[in-house]
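Enquirer: Quick one: the structure is below, questions incoming.
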Amino acid sequence: MADMNRVPPGPPTPGRGEGGLLRIERFADIDLNTLPANPSPPDYWQDRAACFGIDPDLFFPVSEDEAGPALAFCGGCRIREECLAWALKNGERYGVWGGLTEQQRRRVQRQVA
């Protein structure tokens, strides 16, 4: 039953390796196949996130270079995949979500499109 919540593997594309792994420069490989296909809205999981209670401005940096502190919180977050899946599925255009910056998420979207 858990397989129903997984993104089906797509054809090999540039930047996407074996098994759907996508290389993002500031983060370890992201296995797109393990992201929930139908992520719950943030109201269901944000209180378990590493960023809960942190000033939201930290997660909306002015530039990619200023995203480091936000990415550090995401690196230790236990619900990062749910957060990233939500952002990708819902087209979150701004801020750091699931350990990826706006620019990184756009690259992911282009790779899987």
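Enquirer: I'm checking my understanding of the structure. Among residues of segment 60-100 that are among the aliphatic types (A, V, I, L, M) and within 11 Å of the chain's Cα centre (by Cα), which one is nearest to residue 40 (Cα to Cα)?
Expert: Ranking the qualifying residues of segment 60-100, first place goes to 85.
Enquirer: Another question, then. What are the pairs with Cβ atoms under 6 angstrom where one residue, in segment 100-113, is farther than 17 Å from residue 83 by Cβ and the other, located anywhere, is of a type in the set (Val, Ile, Thr) and outside any helix (DSSP H, G or I)? Sequence gap at least six, or different chains.
Expert: Here the result reads 111/13, each pair linking segment 100-113 to a residue that is of a type in the set (Val, Ile, Thr) and outside any helix (DSSP H, G or I).
Enquirer: Here are 43, 55, 65: which of them is at pLDDT 95 or above, farther than 21 Å from residue 110 by Cβ and acidic (Asp, Glu)?
Expert: 55
Enquirer: Among the β-branched types (Val, Ile, Thr) and within 18 Å of residue 31 (Cα to Cα): is that true of residue 54 in this structure?
Expert: When the stated conditions are applied, residue 54 does not pass them.
Enquirer: Across segment 32-47, what is the total count of residues that are surrounded by fewer than 13 Cβ atoms within 10 Å (Cβ to Cβ), touching a helix residue (DSSP H, G or I) at 6+ places or on another chain (Cβ under 9 Å) and part of a helix (DSSP H, G or I)?
Expert: 1
The values are calculated or read from the model by the stated rules, or taken from the named source; none is laboratory data. All values derive from a computational prediction rather than experimental measurement. Ideal geometry is used to build each Cβ from the backbone, glycine not excepted, and the neighbour counts take in all protein chains shown.
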